[in-house]
Structures are given as structure tokens and as C-alpha cells.
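Engineer: The structure is given below, and queries will be raised subsequently.
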Amino acid sequence: MFLEIKNLRKSFDNLVAVDDLNIGVEKGELLCLLGPSGCGKTTTLKMIGGFLIADNGNILIDGQDISKNSPDQRPVSTVFQSYALFPHLNVIENIIYGLKFQGFKKKDAKIKGEKYLELVGLKSYKNRKIHELSGGQQQRVALARSLIINPKVLLLDEPLSNLDSNLRIKLREEIKNIQKKFNITMVFVTHDQEEAMSIGDKIGIMNEGKLEQLGTAREIYENPKTPFVLDFIGNSNIIENDNKSISFVRPEMINITNYNGNKKGQLIGEIKEKMFLGSYINYKINIGNRLLKANVTRKETNEYEVGDKVYIEYKTNEVKGY
């Protein structure tokens, strides 16, 4: 593993923020740390960056233990949620700021800076002041400033949370493209499930300082290992089995077909609610004393109205950990 987090622990007084965390990330992978507020994901990022020192455990990058190093001694760079740009410097001066600590002459730094400006689409903005830029442009400056020093690991602490939804989608695509182009290892902290699933090669779901599950978006969505992961990632219908175990079915995995009379072996339900959501319709269907949520794309089947009887087909998956 290129980045290894081993038995990491951090507490503040009586609060355990990160509890015996173990994660491995391959070189060139983008790991998303995902979870609710207070789950320990940002504390973990700060420990990797050196802004907090772990109580116990080790952090290794490319085989080197950096656990006790100061931030400037670590081969990492951080893009903060607030961007942390220098208001008294213009765009290119912000981007090349870190190069002076690497011994670059000012002329050479500016030449390199212009290449990174072009990379993030801001070449014509090089002499602008920071306050003259939009939020998305400031985010690009912060990203270029972090990339230009060639870190082994790039850390991003909810870098898109201050942007509107359309711009977030555009910029997360750009971040993913840059990550692949540079083959750089990234750790991206977010509380946005869609963001994590769209950008992460791996996703680490955290809860109360612990790692609930680590895997690809598909692995986590289709095979959640704990009740928390099931509840946190996407919507689901919980079904209690006769043997007291728990199964689930995602709303999009429910098929609805026309009812034409009681048939042996057919599960019959009644539409109780209908909500049009653009690309799909959300139905709530009553089956006995159970209410199922079903998402059906408009081209898949006929539309149904409240009160209609329908046949239901679905395949459940069992959740481990109950």
C-alpha cells in the first residue's frame, strides 16, 4: 500500500474522535472518507496532514512513517474547505507560493506556475486578485497551488461544499481527471454520498470514529456490511425475515407490472403514493402491513395511479451485522 493508516487513534478530553482506524490506499487511488458530521473523517485528514498528532498508531506514505513529522516535513499538500488563499497576492503568486520553499528561482517558478494555470483553465486570470474570482475559480487556484509542489498525497477537505450543485458536479469531474492525469494519490473528505460515489476509487464509511466499511461504490451500495452503511448509503426497504434476520431491497430493484387478477405465487400491492421526480417515478406501495418504496424509470413500465393494484417482484439481499 502506498498510504497506510495503522491503528490510528485520536481523542479530545473524553471524546474519542478516531478509534483504531486502519485503511490502505494504493498509489494513484482516490479514497473518499464519507460519513456524517462528527464521524472523525476531518480529524483523520488533519492527522495525515500533520495538523493533529495521533495519540496512537502510524501513518506511512511510500513506506516512510510520517506520524511524528510536522506538516512541512510531510510529502502531502492540503486543499482546505475555505481554500486558505492569500488575499494580498494575485493568482499566480498564490499558485507558486510553495515553490520558494523548494528552492525555485522566481523566474522558473512563474514558468511552472503558468503551466498549472493552464491546467486548471485560469491562464488569463494570472494577474487577478483573489477577491476578483468566483468561488469555483478560487477552488481551482487552491487545487493548482497544492498540485504544483508535487505532493505524494493530496488531501482535500470538503473542497466543493461552498459551491452550487451544478458547479460541484463540474469541478469534481475536473478533480477526477487531474487525479488520473497525474496518477496522484488523493484523500477526499465529504459528507455527500453522491459526490463520494461519483469520484472515489474507494470509499471509507466512517461512524463515531470507526471505519464501518471500505470498498468501491458498487461494493458498498450492493453489499453493505452493517446496518449503518445500509441506512447511510442510498434508500432501501428493510424486510424482516421469518428467521428474524434482516434483508433489504433498493427501491430501483422493485419491478411493477399490471394487475389482472389474483394469481398463485404473485405478490400483489396497492399504490398508496406517487411522486414524479423527473427521470423516474417514486411509488409507495402497500403490501399487507408493509409499505415499500419503488423507483421506476418512466420508460420501464406503464404509469400507475394511487389506488391501482399491481404485481410486485423484487430480490432481497441480506445485511450482515444485525
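Bear in mind that the values in this text are calculations on the coordinates, not laboratory data. None of these values were measured; they are calculated from a predicted model. Cβ coordinates were reconstructed from backbone atoms using ideal geometry, including for glycine residues, and neighbour counts include every protein chain displayed.
Engineer: Give me the three principal axis extents of segment 25-64 from the C-alpha atoms, as integers in angstrom, largest value leading.
Structural biologist: 30, 24, 15
Engineer: If you fit an axis through the alpha-carbon atoms of helix 135-147 and take the longest principal axis of the Cα set of the chain, what angle between them do you get, 0 to 90°, nearest 10?
Structural biologist: 60 degrees
Engineer: For segment 70-225, would you read off the P(r) tail past 26 Å as a percentage of all alpha carbon pairs?
Structural biologist: 29 percent
Engineer: Would you list, by chain and number, the aspartates and glutamates whose Cα falls below 18 Å from the Cα of residue 110, excluding same-chain residues fewer than 8 positions away?
Structural biologist: By straight Cα distance, residue 110 reaches 93, 118.
Engineer: To the nearest 0.05, what FRET efficiency results for residue 90 and residue 68 with a Förster distance of 35 Å applied to their C-beta separation?
Structural biologist: In this case the efficiency is close to 0.45.
Engineer: Under a point spin-label approximation (7 Å from Cα along Cα-to-Cβ), what is the residue 264-residue 11 distance to one decimal in nm?
Structural biologist: Inter-label distance under the simple model: 6.4 nm.
Engineer: Another one. Expressed as cubic angstrom per residue, what is the convex hull volume of the alpha carbon set of the chain?
Structural biologist: Value for the chain: 168 Å³ per residue.
Engineer: Could you state the angle between the C-alpha long axis of helix 165-182 and the longest principal axis of the C-alpha atoms of the chain, as a value from 0 to 90 degrees rounded to the nearest 10?
Structural biologist: 60 degrees
Engineer: Nearest 10 degrees is fine. How inclined is helix 106-119 to the longest principal axis of the chain, computing both from alpha carbons?
Structural biologist: 20 degrees
Engineer: About its Cα centre, what dipole magnitude does segment 3-230 give when the only charges are +1 on Lys and Arg Cβ and -1 on Asp and Glu Cβ, stated in debye to the nearest 20?
Structural biologist: Dipole of segment 3-230, to the nearest 20 debye: 1200 debye.
Engineer: Provide the descending list of Cα extents for segment 251-317 along its principal axes, expressed in whole angstroms.
Structural biologist: 34, 28, 22
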